[in-house]
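Asker: One structure follows; several queries about it will come next.
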Amino acid sequence: MSIACTKVKMSDKNGDLNFLGKEITQWRDIPKKKIQYAPKSETIMVSGGLTILQDQLLQAALQSLGENYISLPNPNFESFQTGKAYGNRGQCNPTYFTVGNLVKYLKNLRDEKWLSSEEIVSKYVYITAGGCGPCRFGMYITEYKKALRDAGFDGFRITSFEHDKGIFQGDEIEDDILNFSPKFFVVLVKSIIIGDIINLLGYKMRPYELEVGAVDKAIEACKDTVSTAFLEKKNLTKAMWDCRSILEKVALNRLQPKAKVLVMGEFWAAMTEGDGNYNLHRFLESQGAECIPQPIMNRLMLSLWEAERAVLKRESLSVEGASAIDFSSMKTKMMIKLGKTTVKTYFTLYAKAIGLHDYEIPDMDKLAQLSQEFYTLDCEGGEGHLEVAHLIESVKDNLSHLVISVKPFGCMPSSAVSDGVQSLVTNRFPESNFLSIETSGEGAANFYSRVQMALFKAKQLAKEEFEALETPLHIPQKVQNYLYQPHTHQAGTAAGLIASLSL
Ligand code: SF4
């Protein structure tokens, strides 16, 4: 048992069998005692669970709006064990990691910073994403409340983006804490997009750095530059432009043939950068691979695509006696269009400024078209048809040497549905190199060994692709500059750069 594991104490009431023989009562989310919550001016909002960079940028972005907001540290193995200790059985990994991370943070405030539980409950609010599922995602908020209650924080407030009745939906608590204004969402989207762009560049550059740690150092400097711009309300495009000179100083050797690995799968498992997926991206890099991560923006675009499809489907149903023009649909369609335009505009602006030239926001219609023969587009749980679409796109457009689909153990949409369909896809596309792999929080050795096996073939493919090209005698210096990102048909970066020289 690890040290982290031994530190986690079960609560007195958790896991015992005292319920046997007792009268069964209905589970209720509302706190047992009436709680006097602190006024907004004293309220502290916490959240987390995105990539490390995005959590930090989000903190700067929301603080720039005057919000008293703190991003939690990245969830680790201790968070997971804490989540398991206080959570229900049979939940998904992301719940254990994120719920446990919050409980760990609050316990630290209580046990190390000496805040009373009452003060914590009264002053702190946790923001998370919520929804009705259709998988276990629908249970997340209840899970938070149950774990918090058992950990001694009964009545701790959880609020989510997708509810319309305020904090503690259905409870008699005033919701004047969060200001979900358009400004709030624009700032939020900006920090996520900027984080995506810098992360994408980091993954492109890190495998080729000449000095170990140089890219991480440069990204840290970029984070400081952008955070300062947020806090001081300066021009973010200019801040991204300033990041160019930071990144350009990193010395690279991009002519090393490395396996390119597309990492996708269940949203959280594929996106997190830590124990939640056994540090998959860093592990791949340590084994000589270059990762293509899944930006959070892709999930945003999928949500907009799903919302638009739902409106169009509703419109196609003729209702007797309904008015000829449905104004609520028109409004939703306008909002969706605005959402898409906002994401695309900011992405293009910031990507151009920092010098990310070869990444395009995924075309959701194209992805839907690629996958619809295999996966019904009406099935919206998890990433829906996207996992299947990403694999097909990667094979057809030769985007990578290996596709890894990572998901929490027993993930309903990803393991149970997508992976079932992927066996047909890999059958139809025998040239694909695909690995589907689950994370359980434990069992890293088995995980790494399976990744290494799949990577072996990918590395061979990368080497063959590179060696099939004739390397010119003179290699121009621009090849080593991250700003040089030619479009070619090769999957590998080194092969693509060499091929571009003869175009
Ligand atoms: S997508 Fe998978 S991991 Fe995420 S909530 Fe649903 S079942 Fe759990």
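Asker: Among the listed residues A444, A499, which satisfies the condition of being farther than 26 Å from L247 by Cβ and either hydrophobic (A, V, I, L, M, F, W, C) or at pLDDT below 95 (or both)?
Answerer: A444
Asker: When the residues of region 427-457 are narrowed to those that are under 25 Å from E285 (Cβ atoms), of a type in the set (S, T, N, Q) and without any contact (Cβ under 8 Å) to a residue 12 or more places away in the chain, which ends up surrounded by the fewest Cβ atoms within 10 Å (Cβ to Cβ)?
Answerer: The selected residue is S449.
Asker: Only residues in region 365-382 that are under 17 Å from L424 (Cα atoms) count as the first member; pair them with residues that are among the polar types (S, T, N, Q) and more than 16 Å from the ligand (Cβ to nearest atom), Cβ under 8 angstrom, at least 6 apart or cross-chain, and list the lot.
Answerer: What qualifies is L377/S371.
Asker: Only helices (runs of 4 or more DSSP H) wholly contained in region 355-453 count here; list those with 3 or more residues that are within 16 Å of the ligand (Cβ to nearest atom).
Answerer: So the answer is 386-396, 419-428.
Asker: Another question, if that's okay. Would you confirm, using the coordinates I've provided, whether Q59 is of a type in the set (S, T, N, Q) and out of contact with any helix residue (DSSP H, G or I) (no Cβ under 6 Å at 6 or more places or on another chain)?
Answerer: Criteria met by Q59.
Asker: Among G170, G166, G130, G138, which is within 13 Å of the ligand (Cβ to nearest atom), at pLDDT below 80 and either of a type outside the set (D, E) or out of contact with any Cys (no Cβ under 7 Å at 6 or more places or on another chain) (or both)?
Answerer: Going through G170, G166, G130, G138 in turn, just one is within 13 Å of the ligand (Cβ to nearest atom), at pLDDT below 80 and either of a type outside the set (D, E) or out of contact with any Cys (no Cβ under 7 Å at 6 or more places or on another chain) (or both): G130.
Yes or no, residue by residue, for (1) more than 16 Å from the ligand (Cβ to nearest atom); (2) closer than 23 Å to D150 by Cα; (3) among the β-branched types (V, I, T):
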{"position": "G48", "(1), (2), (3)": "yes, yes, no"}
{"position": "G66", "(1), (2), (3)": "yes, no, no"}
{"position": "I70", "(1), (2), (3)": "yes, no, yes"}
{"position": "P75", "(1), (2), (3)": "no, yes, no"}
{"position": "F80", "(1), (2), (3)": "no, yes, no"}
{"position": "A85", "(1), (2), (3)": "yes, yes, no"}
{"position": "P94", "(1), (2), (3)": "no, yes, no"}
{"position": "K107", "(1), (2), (3)": "yes, yes, no"}
{"position": "D111", "(1), (2), (3)": "yes, yes, no"}
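The values are calculated or read from the model by the stated rules, or taken from the named source; none is laboratory data. Every value quoted in this text rests on a predicted model; they were computed, and no experiment measured them. Note that each Cβ is placed from the backbone with ideal geometry, even for glycine, and that neighbours are counted across all protein chains shown.
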